[in-house]
1. Suppose R0 equals 45 Å; then what is the FRET efficiency for Asp185 and His104 from their Cβ-Cβ distance, rounded to the nearest 0.05?
2. Taking a ≥ b ≥ c as the square roots of the Cα gyration tensor eigenvalues, with a/c under 1.5 meaning rounded and otherwise prolate when a/b beats b/c, else oblate, which class fits segment 35-93?
3. With every protein chain kept in place and ligands, DNA and RNA left out, what is the accessible area per residue of segment 7-90? Probe 1.4 Å, answer in Å².
4. Using a Förster distance of 22 Å, how high is the FRET efficiency between Glu167 and Arg138, based on the Cβ-Cβ distance and rounded to 0.05?
5. Take Leu69 and Asp42, extend 7 Å from each Cα along the Cα→Cβ direction, and tell me the distance between the two endpoints in nm.
6. Taking every pair of distinct Cα atoms and averaging 1/r, then inverting, what Kirkwood hydrodynamic radius in Å comes out for segment 20-126?
7. Between segment 64-88 and segment 117-155, what is the separation of their alpha carbon centroids in Å?
8. For the chain, what relative contact order do you get, as a whole percent, if you take Cα pairs closer than 8 Å and at least 6 residues apart?
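The values are calculated or read from the model by the stated rules, or taken from the named source; none is laboratory data. Given the structure is predicted, the values throughout are model-derived calculations rather than measurements. Neighbour counts run over all protein chains shown; Cβ positions are idealised from the backbone, glycine included. Quick note on the areas: whole protein, heavy atoms, side chains included, nothing else; ligands and nucleic acids left out. Shrake-Rupley method; radii C 1.70, N 1.55, O 1.52, S 1.80 Å.
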Amino acid sequence: MIGIVLAGGQSKRFGQPKAFAKRNGKEFILYSIEALQCITKDVVVVIHPEIDTKWLQRNQLTYIQDLELYQGKGPLAGIYSVMSQFKSEWYIVLPCDTPFINAHLLKKLQLYRNDGCEAIVPSVHGNIQPLIAMYHHRVKEKIRWHLEQNKLSLKHFLPSIHTRYVEINNDDDAFININTKDEYDQYIVHNNLFPQASFSKTK
């Protein structure tokens, strides 16, 4: 299994790279990396071309950019780029802006990987979470087709593969993602957790 951390966004709404914002003195991206490292020793970070790589190098992390052909095409491009360069049966994906993520949740998803499915995706209060999910190597060419057709929505990609949805009922805060400075103040500075409205919505 290979872990993927998606850090290729431009963080326009946040105003600076979200990956390096901090919670309790630790970079957001490090929470994702450490959760994945409890599952696999192989973790790849997909970065935006303008991101400063000094921190990644200092922490001896493997990182790549999206393949040139698909740069700017969102999470599917990041997942495909890793699948194209690093071979594995399963890929477990996390974003860089979920500083409450934990390995327990990822271990729960792994329980379903022998069910013959091609993706294992959590659902929280009816919201599916495809950026905190597992993907089988069989979906690689299907992702490529969607990229070629400019069908970049994960919401429309998941029905095209055999997806297992896993309802998560007791780990709400793990799915909180930070997109704006207001959310940073609310959930990091003031520690107001369990806000259902803050969960990532599938696009």
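1. E(calc), rounded to 0.05, equals 0.95.
2. oblate
3. The answer is 53 Å² per residue.
4. On the way: r = 24 Å, r/R0 = 1.09.
Approximately 0.40, to the nearest 0.05.
5. 2.2 nm
6. Working: mean 1/r = 0.0661 Å⁻¹.
Hydrodynamic radius (Kirkwood, Cα only) of segment 20-126 equals 15.1 Å.
7. One Cα centre to the other: 13 Å.
8. Numbers: 354 pairs, mean separation 48.8, N = 203.
24 percent.
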